[in-house]
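Reading through the structure tokens given below for one structure.
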Amino acid sequence: MTEQMTGAQALVRALEHVGVDTVFGIPGGAVLPAYDPLYDSVKVRHVLVRHEQGAGHAAEGYAQATGKVGVCMATSGPGATNLVTPIADAYMDSVPIVAITGQVPTPLIGTDAFQEADISGITMPITKHNFLVTEAADIPRTIAEAFHIASTGRPGPVLVDIAKDALQDMMEFSWPPVMQLPGYRPVTRPHSKQIREAAKLMIEAKRPVLYVGGGVHKAHASAELIELAELTGIPVVTTLMARGTFPDSHPQHMGMPGMHGSVAAVGALQRSDLLIALGTRFDDRVTGQLSSFAPNAKVIHADIDPAEISKNRHADVPIVGDCREVIGDLVTIMRNEHDEGRKGDYSEWWQLLNGYKQTYPLGYESYTDGSLAPQYVMERLSAIVGPDAFYVAGVGQHQMWAAQFIGYENPGSFINSGGAGTMGFAVPAAMGAKMGRPDATVWAVDGDGCFQMTNQELATCAIEGVPVKIAVINNGNLGMVRQWQTLFYDERYSNTDLQRVKRIPDFVKLAEAYGCVGLRCERPEDVDATIRKAMEINDVPVVVDFVVHQDAMVWPMVAAGTSNDDIKYARDMAPKWENEE
Ligand SMILES: Cc1ncc(C[n+]2csc(CCOP(=O)(O)OP(=O)(O)O)c2C)c(N)n1
Ligand SMILES: [Mg+2]
């Protein structure tokens, strides 16, 4: 059965068919035809944001909290270019979103028409795939393909740029369309020979580590991971993108590796003889100086994207496949091996690792002048709010403290901008997460710098009834940059002071201006009561201005470009590796 309709009506109908319930966007000339049928849709709710960057990050937060594809929409030219940052962000963190943009009418493409930008060309290197649609008849098939590509294999952003005339022209609508993606067939089943090779190495190894990345949660393989870890007794590290995929409270958890990872996690990787890398990509923030990373380790590397394998570090056993299938197969084969009396012995390894854990726990400085330590705020948030909430971070010191000092027990409960490090991510992403999961408590942990980049979406939250909670960790500075200036630029604080004494803007008044509740907390003894008060307000968004000490630093730290072996757990304090071995 086919039906006559406009391309714009077909677009909305297709979105309904693929199960979209929420679209974040802002209208404008080129995309206007699409907004007309959207007005009538009872299935698709369009959320009018205040900046297209907010729409993109909201789609990312929605996608990560729900596991579905997030959708954002913008007009041509500047509307579309405002989506570039969130699209790049989604690409770096493999977040499934579909960005729909209006384009100038087909005859005007290439003429520098009003509000023309070649958004398909601009986003070519930062999308998993993108489409320029110039025929109304192609719209349903393109939408079906876009959602399929975004959500299968390694997830990622897909752009669908639709010329205005294609939205206006009449076409014959039918569903489902026949997708035309002959070259796109992601491999999900791992090769059994590779699984056997991996099992052999895991049994022979004396110092194995499960190096777990964001891909494990994306494959919904947290339960399989716990099973594999407990079955084998192998220690686990969870990267920034994998926090919560393995419970922090689990005795086999060594913490987060990398530049601001725990000494135990970094030490485990460095001294390992076998890395079992799952859905992770040997990012420079994890490896430090690549040539000295885990120098004695063989590598098993499993990823759904073959391009990641041996990209940065040679894999002795490459496995292309979906992490859930890979880990499931590893559980089965290891169980058989154990039944036949073959089991790894990691007892000496655990002695060493438990020593690291005990000697170098995470810690921080408290202040005698009564001022607030930001890490303490995180600890109390974690204790009072608990592990069932979503925590969404901005980028900077507060992000690292949120990764370190909040206890994550559930996969996907920490949402942040890892690969791109996009300041301004938190407020709109928290909004998207809360709209996707209205039943859940959503706390954004934001920096005073980050917050000033996208706080306009508080207006959207207040108007649309999205009661997120925002903890602004107000250290008066672009703190992470200031930390580098302290350590590497002789305390020359060039352009990092946000002039907190002038209180411009006053975050409490700003919150109130946006129809939110604003609270301020400046002393450790007020932290619990302030968090509790914020937890009691569930009808409007709450912003808490946590005024913290400006000199708090993120430790441990591996200075950029140096070896993980040179990690410091406080300023000028290095762990003693040799003596312990
Ligand atoms: C869009 C963008 N611009 C610049 C940077 C570089 N940068 C990284 S962290 C940071 C400081 C963030 O300041 P704030 O939000 O106050 O967080 P803090 O580090 O103080 O916790 C800056 C400027 C970035 N990551 N993203
Ligand atoms: Mg700051």
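Placing +1 on the Cβ of each Lys and Arg and -1 on the Cβ of each Asp and Glu in the stretch 1-160, which of Thr127, Ala63, Gly79 has its Cα farthest towards the positive end of the resulting dipole?
The one lying farthest along the dipole's positive direction is Ala63.
What whole number of Å gives the distance from the Cα centroid of the stretch 328-349 to the Cα centroid of the stretch 507-581?
Comparing the Cα centres of the stretch 507-581 and the stretch 328-349, I get a distance of 41 Å.
Which is farthest toward the positive dipole end of the chain among Gly215, Thr111, Gly449, measuring Cα position about the Cα centre, with Cβ charges +1 (Lys, Arg) and -1 (Asp, Glu)?
Gly215
Which value in nm describes the separation of the simple spin-label points at His549 and Thr562, placed 7 Å from the Cα toward the beta carbon?
Spacing of the two 7 Å Cα→Cβ label points: 2.2 nm.
Label point 7 Å out from Thr368 along Cα-to-Cβ: which residues of the stretch 529-569 have amide N under 20 Å?
Only 549-553 pass the distance filter.
Along each of its three principal axes, how wide is the spread of alpha-carbon positions in the stretch 175-298, in whole angstrom units, largest first?
So the three principal-axis extents are 54, 32, 32 Å.
For the stretch 409-542, give the magnitude of the charge dipole about the Cα centre (Cβ charges: +1 Lys/Arg, -1 Asp/Glu; no others), in debye to the nearest 20.
About 200 debye.
If r is the Cβ-Cβ distance from Asp345 to Ser249 and R0 is 22 Å, what FRET efficiency results, to the nearest 0.05?
For Asp345 and Ser249, the calculated efficiency is 0.30.
Place a label point 7 angstrom from the Cα of Asp21 along the Cα-to-Cβ direction, then list the residues of the stretch 441-475 whose backbone nitrogen is under 18 Å away.
The answer is 441-442, 464-468.
Using +1 at the C-beta of Lys and Arg and -1 at the C-beta of Asp and Glu, which of Ala511, Phe425, Ala552 has the Cα lying farthest in the positive direction of the dipole of the chain?
Ala552
So how do Glu457, Glu340, Glu16 rank on accessible area, 1.4 Å probe, biggest first, that is with the largest at the start?
Final ranking, largest accessible area leading: Glu340, Glu16, Glu457.
Consider just the alpha-carbon atoms of the stretch 144-243 and return their Rg together with their Dmax, both in angstrom.
20.8, 67
Given 0.36 nm per residue, what is the gain on full extension from Trp175 to Asp36 after removing their alpha carbon distance, in nm?
Contour length minus Cα-Cα distance gives 47.9 nm.
How big is the Rg/Rh ratio for the chain, C-alpha atoms only, Rh by Kirkwood, two decimals?
A ratio of 0.99.
Grab the Cα-Cα distance for Arg523 and His314, subtract it from 0.36 nm times how many residues apart they are, and report the gain in nm with one decimal.
Fully extending the segment from Arg523 to His314 adds 70.3 nm.
From the P(r) of the stretch 333-436, can you give the percent of Cα pairs sitting at distances over 23 Å?
Every Cα pair in the stretch 333-436 considered, those over 23 Å come to 50 percent.
Using alpha carbon centroids, what distance separates the stretch 1-63 and the stretch 420-468, in Å?
Using only Cα atoms to place each centre, the spacing works out to 21 Å.
Would you compute the Debye intensity of the stretch 257-297 from its alpha-carbon atoms alone, equal scatterers and no solvent, and pass along log10 I(q)/I(0) at q = 0.15, 0.16 Å⁻¹ to two decimals?
-0.30, -0.34
Can you quote the Å³ per residue value for the convex hull of the Cα atoms in the stretch 1-87, rounded to an integer?
Convex hull of Cα atoms, per residue: 96 Å³.
Taking the Kirkwood radius as the inverse of the mean 1/r across Cα pairs, report the Rg/Rh of the stretch 376-524.
0.96
Using the Cα centre as the reference, give the magnitude of the dipole from point charges on the C-beta atoms of the chain (Lys, Arg: +1; Asp, Glu: -1; all else neutral), rounded to the nearest 20 debye.
Using only the charged Cβ atoms, the result is roughly 480 debye.
Whole number please: convex hull volume per residue, Cα atoms of the stretch 511-581, in Å³.
It comes to 185 Å³ per residue, whole-number rounded.
Could you check the spin-label model distance between Thr2 and Arg500? Points 7 Å from the Cα along Cα→Cβ, value in nm.
Here the modelled spin labels are 6.5 nm apart.
Within the chain, what is the longest stretch that has no trypsin sites (Lys or Arg not before Pro) placed in a DSSP loop and near at most 12 other beta-carbon atoms within 10 Å?
44-491
Let me test this: with uniform point scatterers at the alpha carbons of the stretch 77-190, what is the Debye-based log₁₀ I(q)/I(0) at q = 0.16 1/Å?
-0.76
Students often forget the sequence filter, so: which lysines lie under 29 Å Cα-Cα from Lys533 once same-chain residues fewer than 8 apart are removed?
Result set, ordered by chain and number: Lys434, Lys469, Lys502, Lys509.
Based on the Cα coordinates of the stretch 434-484, what is the per residue volume of their convex hull in Å³?
Measuring per residue, one finds 83 Å³ for the Cα hull of the stretch 434-484.
What are the semi-axes of the equivalent ellipsoid of the stretch 264-398, taken as the square roots of 5 times the eigenvalues of the Cα gyration tensor, listed largest first and rounded to whole Å?
Taking √(5λ) for each eigenvalue gives 34, 20, 18 Å, largest first.
Would you mind listing how long the stretch 377-435 runs along its three principal axes, going by Cα atoms, in whole Å with the largest first?
Extents along the principal axes: 28, 27, 18 Å.
By how many nm would the segment from Ala137 to Ile463 lengthen if fully extended, with 0.36 nm per residue of separation less the alpha-carbon distance?
Computed gain between Ala137 and Ile463 is 113.7 nm.
The values are calculated or read from the model by the stated rules, or taken from the named source; none is laboratory data. Given the structure is predicted, the values throughout are model-derived calculations rather than measurements. Methodologically, a virtual Cβ is constructed for each residue, glycine included, from the backbone with ideal geometry; neighbour enumeration extends over all protein chains shown. What goes into the accessible areas is simple: the full protein's heavy atoms, side chains included, and nothing from ligands, DNA or RNA. Shrake-Rupley method; radii C 1.70, N 1.55, O 1.52, S 1.80 Å.
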